[in-house]
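K.L.:
This is the structure I want to talk about, given as structure tokens.
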Amino acid sequence: MSAQRATPPLPDPDDPVLAGYWAAAARGELVVQRCAACDRVQWPPRDTCGGCGPAELRWLLVAGTGSLFTWTVVHHTTVAAYAGALPFAVGAVELDDAPARMLGRLRGVPPEQLETDMPLEVAFEPVAPGIALPVWQPAGGGSR
Amino acid sequence: MSGTCVAGIGMTEFSRASGRSAERLAVEAATAACEDAGLPTSAVDGIVPFPFGPSAEDLIAGLGLPDVTFTAVPHLGGASTVAGLRLAALAVANGAASCVLVFVARNGRSGSRVEQRIGVLLPGQRYRRQLEHPHGFTTPAQWYSMIARRHMHEFGTTREHLGAVALAMRAHAQLNPHAQMHGRPMTMEQYRSSRPIAEPYLLLDCCQETDGAGAVLVVAADRARDLRHRPVHLSGLAEGHPDSPDDLVNRRDFFTVGLTRAAPRAFAMAGVTPSDVDAAMIYDCFTFEVIQQLEEAGFCARGDGGPFVDDGGIALGGRLPVNPHGGLLSDGHIAGMNHVVEAVVQLRGDGGERQVPGAEVVAVTGWGDMGDGAIAVLTR
Ligand SMILES: [Zn+2]
């Protein structure tokens, strides 16, 4: 099947807003965005602060742990590269140490065993040279 | 909007393959709306198209109009139809135009399908492309199923509640010969055994894709009185936007959407409360969105939407009949223009077998993008 050879959508590691996030992920670190002026954490990252407008924005290292706020189990996809992976789950993970919910693929647990608020930890999946995708797995449950 | 009315309604047939262009469908629906009003097409001097599909220019050319004095394009995803109705009313109330055509036309099944179309129109393209698509997270069913899942956890909403919405829409479609699902009744067992798409959403939680068009004409009330049908007044109109309107999961109050903010404004403008509403046309892109919008519009308390739709609550004869035409789920998906048309049909008393007896106040909601909302309160 061509589905196996199809290229999955890749992030742009040079994106003007998200480059720092992808650089951190490539190092195995998870970051969120914080305003240097008002300390407001915002996610997803933007090129301005929702609190004070055109301020300086920095990256804040977070622990990479959280809980499962909600999720969907994907059985039908329009992305050929994922057709071979069905079904898979994508969750919104409420971070333990920052006011942010991150979207990411869930691994290391069958979709039918997912539970609301279950503890999760981030893992970094290499998807292309220099690009790693933060995904989530049960806390203490797998290798980084 | 003080002193504006819907004076004409028009629709094409709904199908999976119209065999003609979306531009032609639009002109057919517009012409039907003019005939319904008893006005020549040359009376149209304002046009509000849907953000995707034929443009105002297409309609000016297609109807042979010498000029129009007002055009505007709302950008609220599926809520653009109701938001566009409001733009039309604003234009007429302010004298920018005297007869505004609002229309939706699409080959939603045989042409550019919903999933592909919506991908490029959404706000927050950076997040969609970089933070979502690489995880395989790409479709409306996937985003909105996340809200449904959390609602089930917090409020005890069940699979049967979602199914009750699907069954009510399908039962209504059996009373509407125009509906794509007319003649195809459905049981709870058929609903439950439909294949999963984005759990908790099953195939039968998802609306159809449709080829077809619908159009309405908005004019001043004093003009509407002299036209063919009983005027239907646009008594309250509002749009609203959620926090982080470009990102669905990071709003502090997860369930507060645009409609939460728009509904009180529309009801206040109309001088009515949700309990005065005789029938509601709810934007049913997916089953759970009906439950959420019933709550956020104020028809029931947040968390009570599941029990509200249960036991025939939104069926004809229930506590609040919803979408007597069958909705997007079972009539067809032209971005809710069929909901606006059905509101007018009901307020004229022309619903036939599916008429809500004595309907005097009808609310129409729109839901789009990452939770943008719009609402219209129509009265006779
Ligand atoms: Zn700031």
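The values are calculated or read from the model by the stated rules, or taken from the named source; none is laboratory data. Since the structure is predicted, the reported quantities are computational estimates derived from the model, not experimental observations. With ideal geometry, Cβ positions are generated from the backbone for all residues, glycine too; neighbour counts draw on all protein chains shown. The accessibility values were calculated without ligands, DNA or RNA, using every heavy atom of the protein model including side chains. Shrake-Rupley method; radii C 1.70, N 1.55, O 1.52, S 1.80 Å.
K.L.:
Viscosity 1.567 mPa s, temperature 4 °C: what is the translational diffusion coefficient of the protein assembly as shown from Stokes-Einstein with a Kirkwood Rh over Cα pairs, rounded to a whole number of µm²/s?
P.N.:
The diffusion coefficient I find is 54 µm²/s.
K.L.:
A further question on this structure: Under 10 Å, Cα contacts only: if you run a Gaussian network model on chain B, which one of B:Leu101, B:Leu329, B:Leu320 comes out with the highest mean-square fluctuation?
P.N.:
Among B:Leu101, B:Leu329, B:Leu320, the largest mean-square fluctuation in the Gaussian network model of chain B belongs to B:Leu320.
K.L.:
Moving on. Given 4 °C and 1.567 mPa s, compute D for chain B with the Stokes-Einstein relation, Rh being the Kirkwood radius over Cα pairs; round to the nearest whole µm²/s.
P.N.:
Estimated via Stokes-Einstein, D reaches 64 µm²/s.
K.L.:
Summing +1 for each Lys or Arg and -1 for each Asp or Glu, what net charge is found among the other residues whose Cβ lies under 10 Å from the Cβ of B:Leu175?
P.N.:
On the way: positive: B:Arg354; negative: B:Glu353.
Taking every Cβ under 10 Å from that of B:Leu175, the sum is 0.
K.L.:
Per-residue Cβ counts within 10 Å, from other chains only, averaged over B:180-189: what number is that?
P.N.:
Mean partner shielding for this stretch: 0.
K.L.:
Apply the a/c threshold of 1.5 to the C-alpha gyration tensor of region B:224-380 and tell me whether it is rounded, prolate or oblate. Show your work: numbers first, answer last.
P.N.:
Values: a/c = 1.75, a/b = 1.45, b/c = 1.21.
Judged from the Cα gyration tensor, region B:224-380 comes out prolate (a/c at least 1.5, a/b above b/c).
K.L.:
Under Stokes-Einstein, with the Kirkwood radius over Cα pairs standing in for Rh, what whole-number D in µm²/s applies to region B:327-380 at 20 °C and 1.002 mPa s?
P.N.:
180
K.L.:
What order do you get for B:339-346, B:268-275, A:116-123 when each peptide is scored by the mean count of other beta carbon atoms within 10 Å, highest first?
P.N.:
B:339-346, A:116-123, B:268-275
K.L.:
So, with a 1.4 angstrom probe, what is the percent of accessible area on region B:1-128 that is carbon and sulfur?
P.N.:
C and S fraction of accessible area: 52 percent.
K.L.:
Putting +1 on Lys and Arg Cβ atoms and -1 on Asp and Glu Cβ atoms, find which of A:Pro45, A:Leu61, A:Val135 reaches farthest to the positive end of the dipole of region A:19-138.
P.N.:
It is A:Pro45, whose Cα lies furthest towards the positive end.
K.L.:
For A:Leu68, what charge total do you get from the other residues with a beta carbon under 15 Å from its beta carbon, if Lys and Arg give +1 and Asp and Glu give -1?
P.N.:
-3
K.L.:
Give or take rounding to whole Å, what are the principal axis extents of the alpha carbon atoms in region B:251-302, in descending order?
P.N.:
Result, largest extent first: 30, 23, 17 Å.
K.L.:
What does the helix-only formula give at 222 nm for the protein assembly as shown: each DSSP H stretch with n ≥ 4 adding -39500 (n - 2.57), the total divided by the residues, and the result rounded to the nearest 500 deg cm²/dmol?
P.N.:
Only helices count here, giving -8000 deg cm²/dmol.
K.L.:
Let me ask another. Counting only protein heavy atoms and a 1.4 Å probe, tell me what percentage of region A:19-138's accessible area is made up of carbon and sulfur. Let's see the in-between values first.
P.N.:
Details: 2400 of 4800 Å².
Result for region A:19-138: 50 percent of the exposed heavy-atom area is carbon or sulfur.
K.L.:
In Å², what does the accessible area per residue of region A:19-138 work out to with a 1.4 Å probe?
P.N.:
Averaged over the residues of region A:19-138, the accessible area is 40 Å².
K.L.:
Please work out the C-alpha center-to-center distance from region B:308-374 to region B:16-68 and express it in whole Å.
P.N.:
24
K.L.:
Next up: How far apart, in nm, are two points set 7 Å out from the Cα along the Cα-to-Cβ line at B:Asp276 and at A:Leu61?
P.N.:
Each label point is offset 7 Å from its Cα along the Cβ direction, giving 6.1 nm.
K.L.:
Further, regarding this structure: Find the sum over both chains of the accessible area lost when A and B are paired, probe 1.4 Å, and report it in Å² to the nearest 100.
P.N.:
About 3300 Å² of accessible surface is lost on pairing.
K.L.:
Once the whole set of protein chains is in place, how much accessible area is left on A:Trp59, using a 1.4 Å probe, in Å² to the nearest 10?
P.N.:
Only protein atoms counted, so the area is about 90 Å².
K.L.:
Moving on to the next point. How crowded by other chains is B:136-149, given as the mean number of beta carbons from other chains within 10 Å of each beta carbon? All intermediate terms of the calculation are to be shown ahead of the outcome.
P.N.:
On the way: counts 15, 12, 7, 6, 0, 4, 7, 3, 1, 6, 8, 2, 2, 10.
For this peptide, the per-residue mean of nearby foreign Cβ atoms is 6.
K.L.:
Mind pulling the angle between the C-alpha long axis of helix B:140-155 and the longest principal axis of chain B? Nearest 10 degrees, somewhere in 0 to 90.
P.N.:
60
K.L.:
Rounded to a whole number, what % of the accessible area of region B:198-334 do carbon and sulfur atoms account for, probe 1.4 Å?
P.N.:
The value for region B:198-334 is 48 percent carbon and sulfur by accessible area.
K.L.:
Sticking with this one: Show me, bin by bin at 5 Å from 0, the whole-percent P(r) of region A:19-138 based on Cα pairs.
P.N.:
Bins of 5 Å from zero give 2, 11, 19, 20, 18, 15, 9, 4, 2, 0 percent of pairs.
K.L.:
Going by average Cβ density within 10 Å per residue, which order do the peptides A:10-21, A:91-102, A:129-140 take, highest to lowest?
P.N.:
Put in order of decreasing packing, that is A:91-102, A:129-140, A:10-21.
K.L.:
Can you give the local net charge around B:Gly312? Use residues other than it whose beta-carbon is closer than 14 angstrom to its beta-carbon, Lys and Arg +1, Asp and Glu -1. Mind showing how you got there, number by number?
P.N.:
Working: positive: B:Arg170, B:Arg319; negative: B:Glu160, B:Asp310, B:Asp311.
For residues surrounding B:Gly312, the net value is -1.
K.L.:
Follow-up question, since we're still on this one. How many Å² of accessible area per residue for region B:320-374, probe 1.4 Å?
P.N.:
The answer is 16 Å² per residue.
K.L.:
Let me confirm one metric for peptide A:46-56, namely the mean number of other chain beta-carbon atoms within 10 Å of its residues' beta-carbons.
P.N.:
Values: counts 6, 1, 0, 0, 2, 0, 0, 0, 0, 0, 0.
Taking the mean over all residues of the peptide, I get 1.
K.L.:
With a point put 7 Å past each Cα toward its Cβ, work out how far A:Ala83 is from A:Ala37 in nm, to one decimal.
P.N.:
Each label point lies 7 Å from its Cα, and together they span 4.9 nm.
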